[in-house]
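Nothing in this text is a laboratory measurement; each read-out follows from the coordinates by a stated rule. None of these values were measured; they are calculated from a predicted model. We place every Cβ from the backbone using ideal geometry, glycine too, and count neighbours over all the protein chains shown.
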Amino acid sequence: MGSHDTGENHLDLRGNALTTDIVARAINRLDDMKAGETLLVEVDADEAIDNDLRAWCEATGNHLVDVEDAGDTRTYAIEKGVPIKVVHKMALVLSSAAHDHLEAPLALAQAATLEGVGVSIFFEGPAVAVLSAAFPTSGSRLRPSRRAARRDAHERVQQIHDLGGDLYACERSLRQHHVRRDEIAFERVIHCEYLTFLPVMEDADIQLLA
């Protein structure tokens, strides 16, 4: 996917069709800017990108002050605003390491984190394998597309973790599926059982089971 910097407050992300990645890069740049400063984000002209950027700005307190349409590309002028206090929480329970069970829930959790939602994920059953540093490269008999999907899942969890999401691991499942603590790839993982995560779910207004 294409991306390169063309100036301190200008991101050229043409060729990048993944809106979560576009927003993540914008967040990284905005973190170094002051409120009121404007970031120019240049992307391909695309309805999904347009809708997602507008929704993200509205949800996070940033201001979309201008959109310059150049036919195949658009440049979004985003003024850094005052962060909106988190008012929503998402609790996600993952029970499978299969691609079909990971892709949509993790994509939603990643998008929620980017919009400032407090995200908590409980890994239990075979899903604890996702926490292992070896998960992206394991499964030598899998098709290349499936191995790529494992890498994508791991990268989504990493971004959720890096943006402040809370990761919980079922201790019983770690033992059953032979995932040792020293194999876990993420620094902040809460080791627990179901009684610890149940209050987290009760406190969340968005609950997902996958």
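Assorted remarks:
- For semi-axes √(5λ) of the Cα gyration tensor in Å, calculated from these coordinates, the label among [x] 30, 23, 16; [y] 23, 21, 17; [z] 33, 20, 14: [z]
- Contact order normalised by residue count of the stretch 89-209, Cα under 8 Å, 6+ apart, percent: 36
- Counted by Cβ distance under 14 Å from E79, the other residues give a net charge of +1, where Lys and Arg count +1 and Asp and Glu count -1.
- For the chain: relative contact order, % (alpha-carbon pairs under 8 angstrom, 6 or more apart): 18
- Charge context of S132, other residues only, Cβ under 11 angstrom, K/R +1, D/E -1: +1
- 5 angstrom amide H check on H88, placed H, neighbours 5+ away: G118
- Cα centroid of the stretch 146-174 to Cα centroid of the stretch 52-122, whole Å: 17
- Rounded to 5, percent antiparallel among DSSP beta bridges of the chain: 45
- Among A98, A70, A169, the largest mean-square fluctuation in a Gaussian network model of the chain, built with springs joining Cα atoms closer than 10 Å, belongs to A70.
- Put in line by how crowded their Cβ is, counting other Cβ atoms within 10 Å and starting with the fewest, M201, M90 read M201, M90.
- In the stretch 144-209, the GluC sites (Glu not before Pro) that fall in loop regions by DSSP, at most 15 other Cβ within 10 Å: E187, E193
- Range in the chain, longest, excluding exposed trypsin sites (Lys or Arg not before Pro) [loop by DSSP; at most 14 other beta-carbon atoms within 10 Å]: 86-140
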